[in-house]
Every structure is written in structure tokens, then in C-alpha cells.
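Since every read-out is calculated from the coordinates, none of them should be taken as a lab result. Predicted model, so just to flag it, every value in this text is computed and none were measured. Cβ coordinates were reconstructed from backbone atoms using ideal geometry, including for glycine residues, and neighbour counts include every protein chain displayed.
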Amino acid sequence: MDAPHNAPALIEVKNLSISTKTRSLVSNFNLRMQPGDRVGLIGESGSGKSMTASALMGLLPEGVSATGSIHLAGHAGNLVDASDKQWQKIRGKDMTMVFQEPLTALNPLMKVGPQVAEIMTSHKSVPSKSAARSKAVEMLESVKLPDPQRAARAYPHQLSGGQRQRAMLAMALANKPGLLLCDEPTTALDVTVQRQVLDLILESVTELGTGLLFITHDLSVVANVCDRVLVMNNGQVVEEGSTVEVFTNPQHPYTRGLLAASDLNATDEKGRLFTVASAAAYVPPTENEPEPEDLAQLAAVSAEATAGRPVLPLPAGDEPVISVEDLHRRYPVARSTLFGKPSEVHALRGVSFEVAAGQRFGVVGESGSGKSTLLRILAGLDQPTSGSVKVAGNQISGAKERDLIQLRQQLQIVFQDPMGSLDPRMRVRDIIAEPLLAPGQKVDSAKQRKLVAEMLGAVGLPRDAAERFPHQFSGGQRQRISIARALICEPRVLVADEPVSALDVSVRAQVLNLLSDLVDDYQLTLVFVSHDLGVVRHLCDNVVVMNNGQIVESGSTEQIYDNPQHDYTRTLVNSSMSLRNELSLR
Amino acid sequence: MAEEQVLSAKNRRKASPTLIVGAILVAAVVLAALLSFIWTPYNPVQAFPADRLQGSSAAHLMGTDRYGRDVFSGILYGARITLLVGLVAVGIALLIGTPLGILAGMRRGITEEVTMRGADILLAFPALLVAIMFGAVFGASTLTAMLAIGIGSIPGFARVARSGTLQVMSTEYIMAARASSQSSWRIARRHVMPNIIGMVVVQCSVSFAIAVLAEAALSFLGLGTPPPVPSWGRMLQESQQFLGTYPMLAVWPGSAIAIAVLGFTLLGDGLRDRFDPKLNGER
Amino acid sequence: MGIRLLINLVRFVVTYVIATVAVFLFMRAIPGDPAQIALGVNATPELLAKTRAEFGTDRPLLVQYFDWALGLPFGDFGTSYITRQDISPLIIDRVQVSLILVILAMIVALAIAIPFGTYAAVKHRNPSGIVVSGISQIGVAIPNFLAGILLVVVFAVGLGWLPANGWTPPGEDFADFASRVILPVLALASVQGAILTRYVRSAVMEVMSEDYLRTARSKGLGKLESLIKHGLRNASIPVLTVTSVQLAALIIGAVVIERVFVIPGLGSMLLDAVGNRDLLTVQSVVMVLVAITLIINLMVDVLYTVLDPRIRKGA
């Protein structure tokens, strides 16, 4: 399985433990990599994976210390005890790192070219400054930045997210390091860009023979990129092995739970996603199955899942719950030149669709696609420039605040950010009861109390949660509170705005199952906005795909996923990763 | 649910040394002021020409000034003037600046532009300059000093309240509140105010420190509380001609001013550490 | 960039005009008849009328306002009602003295604040860093006139190294100018330096936690090297904001310090005018101080665009 042990290791880490004065963060971490190895380090938030990466770079934050040993090829001695001077020779030359957030990882006041050149001049790997400058442009070209000359002269804010991450990679690879550390390098990127950047990383390290340590929470990304994986939980590696082995035959219950929860193609007999709790019944994917080309099989899995769910009959000629016609929204933008025309952003350009009662309607799009604008208009929080929007019989376009009260009784939202969507200074009771305070609602405090208790029960939170504050809950629990708030005034339509994208994988499945159950129990119409095709596919029966403020394709879920017609949809479908797919494509 | 662990109850951080020292110094000034209402060793305005310019002694803890007035009594009484001016000035700025800031943060567009330009104009008139103008037109008094410092402190409150409001208004819980048709007034009362109150309290403390400094400067220039009522700034000014012979006459009121300012600054810093969500986070 | 500058220029003009209106109304309209003030309560009606005509205060307020406000940009401030002297040459003379004080003080303050603030941030966990922060904390609490008095006690009265007060223009006798300017500048700069030290410290601390500094370290740059090459320019932006605000505070601070050191600057002129109830002079000096503050703000905004490329490219 592993490379023979007599070969010289690229890096060898033994019994690495990291702790603050009061708390242990990582204990007994072991790692041995040969040149050119590609190892994935998987873990959820708080697992200690990023701290491990920092320790390997000798960049632990103040107040955090490490014990154990790190040996790097070409450098004598244990690097855990190395001085900063020794580390300076290693960092950027033998070992480099790409970080999660490419905007903040680049100096905003310095042009991209000099930032790439700096890594070469500081290690004197090029003879002169001008050589470093031209080499920097070469590097920017090698990471396939369009017009590398111009990119070198640009400031980071002038590049897109994907371009910035490419520039980071150019920087990291400039000195041909033996080991590249990537800490969630594609998590902040759009689906289509993620695929391109991953391909680029894979291509580059293969070409240069660079060892890759890839840190992520995303199992499908690891399946795509790495040969070997380490699974971390609570500061400890719970399982290690080849990617195929670990993903097809997990030994540790945590790995199994993680696999089960992140596999959106697999459902239990009731059509629900597996959670960590129900993972025992989960059948891990097997290698080379399903056939990569055989998408029909995937569709079957999905269809099965939908089959368990009662689909409300839609009487022909019945009024749709939401109907949107030729919706436009333009925002004025501050002009940049004195006499130029004031420019504007055309966020929505002629969007039309209908949602029938009881439908689970998915809206898929990347950042800047206009899906958030659409959502704000649906909720009456923004007015369209032109076009018509009817929700449950209420015309939103041109409506006064007073007229929107009716609408908002019918339509409620669950937001993305479990931290930001609950007022930190309010008790959960008051948060959930807030929609009952809308003008026209007459609910006395006893009734209010009863309703809050009911809702807490419905979302699976204990009754005493009502008296507590949001910070006393975990991310998943906060999303439950958010859902309870949305449903307390018994709306007909529930709009969910990326409700699980900020959650850990193991929590995601629970929240999705809850959402699915509640939509059935309360006979809701669900509009689910997401960038994640896997999630939408699991949950929705109809989908529209948005790009550049337009709907490029719409139809039933199977139709869109299995037989995409529009180029953009095809790219999107091909770019999005599922564990099974990536594993079978290996 | 077993798999989701409830985060442990809010781990209240212990009060920082900054906060404690600040609170102690402020308390000392407040106690001195309160004490002056019921007791001072001598009448602070009564002159004893026979006892002029004495050093520290059991009879006169901090000595006497050129008219033979007891310096310690003057310092105690001066604390009262200092706090009075500070309270009224901060009160004016708080009551005018904060609502304006909230309004500017919630009503974008014209309201915001007008309010913030107004704050900009006021910003070009520091408290001391306003006080000088007041002094020129109305003559110097405690009242003009309080009003002038209060007006000069308005922009600070408006800016803090506005930036806090903008932060709150950009959150998803405000979206949620608007999505359930909560009125602006209710959003301001239920969401905005509770969330910016920390920042406003910090601003109160910081402004108080500035007000103490400004009051001292005004009475130093003879534009504050008129004689014979003792104020720290004028005690300092009167000490100037005796610097060669009786430097302690400058040291006592000087220290009193420094202690009061330091107290309010430290208190503000300590409170900021406590309220600042960025510092209070997980890291 | 052009549009931003234009917007700021328009804002500057609007703010300035509103400020002139406010100052005029406050200083001219509220106090009442300048002729009465100049002549006292016992003046005869004939004399009053004659004096009013002489001052031009018999004209409508609006005319008087434009007469005054339109002269300001050209350095024409009118004739004092009390001293009957032309105010303009006096202001131009005095403004130079005050500007010398303020600019020197700001330079010294920054020379103190930048190294010490950076040091306190880099060593914020070491005792030495905490001591620097502590000293700056105490410095903030000391009013500049107290600092001035203490400096006089030590260096003029105690050690006798420097004169306790007075002023000589630099053109006349530079050595004497230097010996007289040191203490007032130090009095202003020590307090200002303490304030700025705290802002520099927090700006550098903020920058030290930024991701791009971690990137710089991961490239193999040393701690200090990465801070100097990547951190300081980023930290300079918030420090610049504070410096502009503090410069305005320094101008007012100089008013007090001129009093302590008996320096014939704008501050002394202003306070003397207040003492004489010479309202037109007060009104004009106040406007000069306000205009200087506004011009500083405008210049700082131009500096921002130079420093920060994100602003340069429009929104």
C-alpha cells in the first residue's frame, strides 16, 4: 500500500502534539510522505487540521506550542525545535502553502507580480530582481491566468477569486518546493472555478513531482485529488489509508458517519439522508460502481429517494403559488469617470418562472448569478425595476410596505449564516416569536408561549431552549431556531437561502432531513436557493439554473442533472463533485 | 440530539486590569466630588492671607495657594465641577448624537448624507473652539463650557452610533425582521439599540475623558467656571507664576486632571475589550 | 479617482460655506450691535450712527455676510471694530507662527509614535511592550498645558537650559528661535505622540493578524521583514485617518500652548480678541482655524487615494 519504508521520506512527522497552555489541540499526529505523494487531511471545523498545517509550516500562533518531531528531506534536525531563522530558509523554498481565502491572503496594496517575485528574491533563487519579475510573469502564465503580463500589474482586488487563487498557486510553486500544503484552497470558490483550480493543482504537482498535503472538509475533493487520506476528529487521526480503501471500507465509526452524511446520493429506506446516528445502515460506495458514464443509475437512486415522498397532486389550471414574469433589477453604480455614463449592474435580466403549490423548487447559481436578488424581491425586501412578481396572490412589484404585510405572512425565509441570522442579544423565545409581532397579528403572550414551545418541538430542540441565547447553541441548532422562526406564522412558502452551506457535513444531513420533513408536515412550498447541486438534487423536484441574472435552463431535477441542455448547466453539472463520482473516476 | 454538542454556557471573561484600574480611578474622582458636598477641610473659597503659600502639613494636606486657600479643599470641590461639566456635556452629546447616528444608519440616502455632513461640519469645530466662541459672545461660565463641550462631542456619538447601526442593519437577523414586517421603530428598539449599546457606553467613557480635558483647558484659559469657584484648570493656571518656588501648586491640580482623564480612558478601553464582538469571538 | 476628488472638493466647499454662515450668525447676529459694544452703553445716538456707518453694520445682515465671507478666501478679513486696525496682516503674521508650532509638533509626534507604537505592537506580550503601552496610556491623560508647565519646571526653572517662554521668528535669529521653540513643540508633541502611539500600536496589531502577513511568513520572510514590507503600508491607512483628526486637535492645542509659553500665534490673538470682545477678529480667526482643518481633511483624502489602490479605481 504505502511506499517502501527504506525510501527517503519527503517529510516525516512523529508524535506531533499541539497545545495551548490549557488545552490540547492535536495529539500524536504521525505522517510520512514520499516525494510526489498526495495526501488528504480530512476533518470538520475544530478537528485540528488547520493547526496541524500551521505547525508543519512552523507558523503556530502565539501561545500555542508543539512537541514531537518533524523531519524534512534535506534538513538536519527536528524542525519542531528549529529557530525562526532555520524555518525562514525552509518556508517558501522547500515547503509552501496555499490558503483558503485568496483575497485576504494577498497584500491588498501590492501588485500581484511583485508578490510572486518576492518569494524568489527572498530566497535568491533567481539571479536578479528583473529575472524574478519575468519569472513571476512566467509563473502566472503557467497557472493559466489569461494575459499574465496584465495580471502581474494588477492589484489583488482587480482579479476574480479564482484568479487570485491561481496567483497564490503561482507564488507557492515558484521555487519548485518539495512539499505543497493546501488549506481548503477551493472552499471559498464557486463550483465551476473550484473544479478548474483543483485540476490545476493536480496537474502542477504531478508535473513538478511536488508532494501535496491537502487539508479539507470536503470528502469528494479528497477523492478527486489524493491517493492517501488521514481522517482527523477532535485533534486525533482516527483513520488512515489509501483513499479508495478508506472511502469504500471505513473502519472507524467517525469515518463511516462522515461518509454517510456527506453522501447525498445515498438515502435510507425512508428516503432520508444518512446522519452520523444512522450511519450503521449506510453502504459505502464501492470502487468503479456506478459506472462513470452510466448516469442513468444515479438518476435511479435519486428517483428512488423521491419516490418515498408524497407528491401533492397539482390540479390542472390551479393558480401557481409564485409566478414571476419578466423580472428585471438594475442597480446604479457610482460612476468611475467624470463624464462617463453612470453605469449600473443588471442583476436580473428578464427572469420568468412559476412555482406550483407543494413544489420543492430549487434555484441554482454561482455567486453573482442574481439568485440573492431574486430572493430579496420574493420576500418583498427589494423592489424589481420592472416585471411582475406574484406570491400567494399578492403582487409585490410596486407594492407599498403596508401591502407587503399580507405577503410576508405567506412567505418566510431561512437564512444562510447560522451566526448572523439570530440577534445575539435576544432570547430564543423572542427570536422565534418575532413574526407574530407583525402588524395585524393578534396573539396574546400565553398563545405565543404555546406556539414557541410547539415550534421548538417540531424542529427537535428541547423546551428550555426558549430561555437561552443564540450563542449557547451550535451552528446546526441555530439553523433549527431559524427554521422555527420561519414556520411559526404558518406560511405557505418557505424560502431557504443556502441554509446548510455554512454547516459541517455531519450536521448538514440532519438539517436537510428536518427541512424535508417539515415541508411535508406543514404542506409547504419550498424554494431552495443554493450553489450546491448535490443538495438541490437531493431535496428538490424542480430546478432553475441561473447565470448572469438569467435563467438559462429549467425543468425537473432529473432532466437538468441527467440531460443538461445549456452549456452553462453542463459545465456546472460536470464541475460539481459527488463522492461516488469522484471515487469511480479515479 | 446526541451528535450536536451544545456549546458551553457563555464563558464570561474576567474583568481586565485595565477595566479595574479605570473603575477605581473614576470611583476616586466621584468619591472626592461626593465628599465635597458634605465635608471639605476648609471652605475652598475662603482665603487665609496669613497662611499663604504653605507646603504640605497636617493642617493643609496639600498646602495653600497665594491667597491662603486650602488646596486640598479646592481639589475636592474641583472634582464636582469636573464631573458636572462632563456629565452634562456627555449627556447632550449622547442624547443628540446617538439618535442622529441611528437615523443615519437606518435611513440611507439623503438623511444619511445630511446627518453625516452635519457631523463633518461640527467636526471642524472642536469643543475648545466652540467654547471660545461661546465665551466671546456670552461671556465665560460653567454653562457655556458644558454646552460647548457637549456640542463638540456630538459628532463622535453620531459616528459611533451610525457605524454600529450599519453593522447591525447588514445582518441577516435584520433581513429576517424586515421579512416579518417589523416596523423601523421596532427594529431600532428591539435589534439596533441593544446591539450598539456597548459601543455607545464605550463612547460615553471616552467622551467623558475628552470633556474633562476640555474643561480643564477652558478654565486654564479663563473661559470656564469663573472665580472664585475652584476648578482644577484655573488652579493650574494660577500656579504658573510660582513654578520656580512652589511647583507643588501645579502638581496637585495637574495630577487630579491626569487621574480623572486616565480613569475614564482606561474605563473606556476596558469596556471596549468587553463589548467588542471581534475580540470577544472564539479566537 | 477624479470623481472622488471632485466629490470631496464639492463637499469641502459646501462644508466651508455652511461653516461661514454658522460662524457669522453666531458671532455677528447674536451679540447685537458692534458699534454699541465698541462704544459702550453711554454712547450718543449720533456717534452710534456714525460708527455704524463707519463699520458698515448699518447695512442689511445679508450684505454684511457676503462682504465678510467673500473677502475671506482672498485674505481680506476686514477692520477690527475695537482696535480699528486691519485684521488681515495680523492674521497672516500669526498664522505662520502657529503653523510652525503645529507642523513641527506633528513631525516630532509621528517620530515618537511610529517606532514606539510598532514596538509596542510587536512586543505586546513582552514586559517591554507593555511598559511602552502603559507610558503612552498615561501620556494620553496629561493635558498639553500641564505637559508644558512640567517641561518649564524641569528644563527652564530647574535646569535653566532653555528659556521658559517668548518667541523669536526663525528668520531673525535662528538659534534663539530654536531654543524657544523646543519646549512648546515638545509639550504639544509628547502628548500627541502618546495618543498616536496607541493608534499605531492598534493598527499594527490589526495588520499582524491579517492573512497576507501569514502569507509573507510562509514565503520565508522573517517576522520583522514581513511586517516592514507588507504590514506598515497597510497600517498607515488607519493611522493617516487618525493623524488628520489629531492635526485638527493639535491646532486647537496650540491655542492653549501659546498661552502657556507666551507665543504670539493665532491662539494668543484669538484669546486676546475674546478678552477685548473684538468679535470680528474672533470670527475671522475661528474661520481661519476651521478652514485649515477642512483643508487638512481634503489633503488626507488625496493621500488615501495615493496609498490605497482599492480607492483609486472608483467604487
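When each of the peptides A:570-582, C:31-43 is scored by how many other beta carbons lie within 10 Å of its residues on average, the order from highest to lowest is A:570-582, C:31-43. Within 10 Å of the Cβ of each residue in C:142-154, the mean number of Cβ atoms contributed by other protein chains is 6.
For chain C, what is the relative contact order in percent, using Cα pairs closer than 8 Å and at least 6 residues apart in sequence? Don't jump to the answer; show the numbers that get you there.
Details: 348 pairs, mean separation 78.3, N = 315.
About 25 percent, as a whole number.
Note on chain C: with a GNM built from Cα contacts shorter than 10 Å, the maximum mean-square fluctuation among C:288, C:157, C:262 falls on C:157.
Normalised by the number of residues in the range C:95-275, the average gap of Cα pairs under 8 Å and 6 or more apart makes the relative contact order 33 percent. For residue A:528, the residues whose modelled amide H falls within less than 5 Å of its own, excluding neighbours fewer than 5 places apart on the same chain, are A:361, A:362, A:363, A:496. The distance from the alpha carbon centre of the range C:74-127 to that of the range A:563-586 is 66 Å, rounded to a whole number. Sorting the segments C:167-175, C:276-284 by their residues' average number of neighbouring beta-carbon atoms within 10 angstrom, most packed first, yields C:276-284, C:167-175. Scalar couplings 3J(HN,Hα) for the range A:113-125, obtained by applying the Karplus form with A = 6.51, B = -1.76, C = 1.60 to θ = phi - 60°, are x, x, 5, 6, 5, 4, 5, 7, 5, 6, 9, 6, 7 Hz; x denotes Gly and Pro.
When you count the other C-beta atoms within 10 angstrom of each residue and take the mean per peptide, A:372-384, B:73-85 line up highest first as B:73-85, A:372-384. In percent, rounded to a whole number, the relative contact order of chain B is 25, using alpha-carbon pairs under 8 Å and six or more apart.
Only bridges with both residues in the protein assembly as shown count here: give the DSSP antiparallel percent, nearest 5. Intermediate values should be presented prior to the final figure.
Numbers: 46 of 84 bridges.
Given both bridge residues lie in the protein assembly as shown, the antiparallel proportion sits at roughly 55 percent.
Tell me which DSSP H helices of chain B clear both cut-offs, 30 Å or more of axial length from alpha-carbon atoms and a mean Kyte-Doolittle hydropathy of at least -0.5. The partial results should precede the final answer.
Working: long enough: B:17-38 (32 Å, 2.62); B:71-106 (51 Å, 1.92); B:142-169 (39 Å, 0.99); B:193-221 (40 Å, 1.79); B:248-275 (40 Å, 1.05).
Qualifying helices: B:17-38, B:71-106, B:142-169, B:193-221, B:248-275.
To the nearest whole number, what is the average tally of beta carbon atoms from other chains within 10 Å of the beta carbons of peptide A:96-109? Walk me through the numbers on the way to the answer.
Numbers: counts 4, 5, 2, 5, 1, 1, 2, 2, 5, 8, 4, 12, 9, 10.
Across A:96-109, the average partner-chain Cβ count within 10 Å equals 5.
Among B:172, B:238, B:215, the largest mean-square fluctuation in a Gaussian network model of chain B (Cα springs under 10 Å) belongs to B:172.
Provide the FRET efficiency to the nearest 0.05 for the residue A:280-residue A:520 pair, computing r from the beta carbons and using R0 = 35 Å. Mind dumping the intermediate values first?
On the way: r = 25 Å, r/R0 = 0.71.
Here the calculated transfer efficiency is 0.90.
Of all aspartates and glutamates in the structure, those lying under 15 Å Cα to Cα from residue A:129, and not within fewer than 8 positions of it along the same chain, are A:118, A:138. Qualifying trypsin sites (Lys or Arg not before Pro) in the range B:83-154, where qualification requires a DSSP coil assignment and no more than 16 other C-beta atoms within 10 Å, comprise B:107, B:108. Span-like helix criteria (full DSSP H runs; alpha carbon extent of at least 27 Å along the helix axis; mean Kyte-Doolittle hydropathy of at least 1.6) are satisfied in chain C by C:2-24, C:87-122, C:279-307. Entry note: the protein assembly as shown has Rg to Rh equal to 1.02, where both radii use alpha-carbon atoms and Rh is the Kirkwood radius. With R₀ set to 22 Å, the beta-carbon distance separating residue C:13 from residue C:99 gives a calculated FRET efficiency near 0.45.
Distant-in-sequence amide contacts of residue A:348, defined by a placed amide H-H separation under 5 Å and a gap of 5 or more residues or a different chain, comprise A:329. Rounded if a/c is under 1.5, else prolate if a/b is larger than b/c, else oblate: which is chain C, with a ≥ b ≥ c the root eigenvalues of its Cα gyration tensor? The shape class here is oblate. State, to one decimal in nm, how far the label point of residue A:157 lies from the label point of residue C:299, with both points 7 Å from Cα in the Cβ direction. Reported label-point gap for residue A:157 and residue C:299 is 2.5 nm. Remark: mean inter-chain Cβ contacts per residue of A:422-430 equal 4, using a 10 Å Cβ-Cβ cutoff to other protein chain atoms. Between residue A:199 and residue A:268, the C-beta separation translates, for a Förster distance of 41 Å, into a calculated FRET efficiency of about 0.75. Projected label points at residue B:27 and residue A:346, each 7 Å from Cα along the beta carbon direction, are separated by 6.7 nanometres.
Each residue of the range A:134-144 was assigned a 3J(HN,Hα) from its phi angle through the Karplus curve 6.51 cos²θ - 1.76 cosθ + 1.60 (θ = phi - 60°); the sequence is 6, 5, 4, 5, 4, 4, 5, 6, 5, 8, 6 Hz, with glycine and proline shown as x. Basic side chains Lys and Arg get +1 at the Cβ, acidic Asp and Glu get -1 at the Cβ, and with that the dipole of the protein assembly as shown about its Cα centre reaches some 2500 debye.
Amide H contacts under 5 Å for residue A:322: A:355, A:392, restricted to partners 5 or more places along the chain or on a different chain, H placed in the peptide plane at 1.01 Å from N. Among the listed pairs A:111/C:229; A:85/A:111; A:85/A:124; A:49/A:89; A:400/A:447; A:144/A:176, those whose Cα-Cα separation exceeds 19 Å are A:85/A:111; A:49/A:89; A:400/A:447.
Using a/c under 1.5 as the rounded threshold, could you call the range A:109-176 rounded, prolate or oblate? The axes a ≥ b ≥ c are square roots of the C-alpha gyration tensor eigenvalues, and prolate needs a/b larger than b/c, oblate otherwise. Prolate shape, in that a/c is at least 1.5 and a/b is the bigger ratio.
Where a ≥ b ≥ c are the square roots of the eigenvalues of the C-alpha gyration tensor, would you call the range A:322-584 rounded, which needs a/c under 1.5, or, failing that, prolate if a/b is larger than b/c, or oblate? Because a/c hits 1.5 or more and a/b fails to exceed b/c, the range A:322-584 counts as oblate. Placing unit charges on each Cβ (+1 for Lys and Arg, -1 for Asp and Glu) gives chain C a dipole about its Cα centre, and among C:104, C:130, C:183 the Cα reaching farthest toward its positive end belongs to C:130.
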